[in-house]
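What follows draws every value from the coordinates through simple rules; no lab data is involved. Because the structure is a prediction, the values reported are computed rather than measured. Using ideal geometry, Cβ is built from the backbone for each residue, glycine included, and neighbour counts are taken over all protein chains shown.
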Amino acid sequence: MERTLLIIKPDAVAGRHIGDILKMVVDAGFNIKALRMTRLTRDQAARFYAVHEGKPFYEPLQDYMTSGKIVPVALERENAVAKLREVLGATDPAKAAPGTIRALYGSSIERNAAHGSDSVENGLQETAFFFGESEF
Ligand code: ATP
Ligand code: MG
């Protein structure tokens with residue numbers, strides 16, 4: 001079973017879409033292995049998105065990701081990383097396929113409702129960022 005990290009981002013939490021998004025991933029065959037509601041510190045957001053250091057959206061992304069509560073969710077299924085990105089849709093909600101999480105609940109390329117790990121390795125690293133092995 002492959003592991004991936006979903007984060008329901010501050011815009012989707014504030015928009016009351018936690019339940020809608022969890023239903024979509026469960027309906028897509030994922031098992032929810034761990035979840036919580038939390039608010040990232042600036043330092044945590046900087047570390048989580050360190051791969052984007054130097055990009056023009058790095059600082060605004062930290063502002064946004066620390067602006068409210070988020071719901072990190074550890075998910076498992078076969079081919080979890082690719083499948084979650086399919087259910088999320090393209091980064092820019094305007095380009096996301098109809099019926100995807102970002103098409104339904106995202107409002108801009110930054111405020112795009114949810115995050116999904118982008119590789120099998122990052123799926124393991126990012127779930128470990130939020131959850132201890134004993135929580136699985
Ligand atoms: P995520 O990592 O959140 O699943 P992604 O892998 O589709 O999204 P990345 O390139 O990793 O896209 O970008 C990380 C996040 O940074 C995006 O989800 C979005 O919130 C923000 N972002 C990406 N590109 C831009 C941009 N051009 N302008 C503003 N924000 C952006
Ligand atoms: Mg990414």
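Points to keep in mind about this one:
- The chain: most fluctuating residue of V73, V13, V26 per GNM, C-alpha cutoff 10 Å: V26
- For R47, net neighbour charge (Lys/Arg +1, Asp/Glu -1) across residues whose Cβ lies under 13 Å away: -2
- Cβ crowding within 10 Å averaged over residues, with 101-113, 27-39, 58-70 ranked highest first: 101-113, 58-70, 27-39
- Over 27 Å [Cα-Cα, the chain], rounded percent: 10 percent
- Along the range 12-17 the Karplus relation, 6.51 cos²θ - 1.76 cosθ + 1.60 evaluated at θ = phi - 60°, assigns HN-Hα couplings of 6, 5, 5, x, 6, 9 Hz to successive residues, with x for each Gly and Pro.
- Qualifying GluC sites (Glu not before Pro) for the range 7-109 [loop in DSSP, other Cβ within 10 Å: at most 16]: E53, E78
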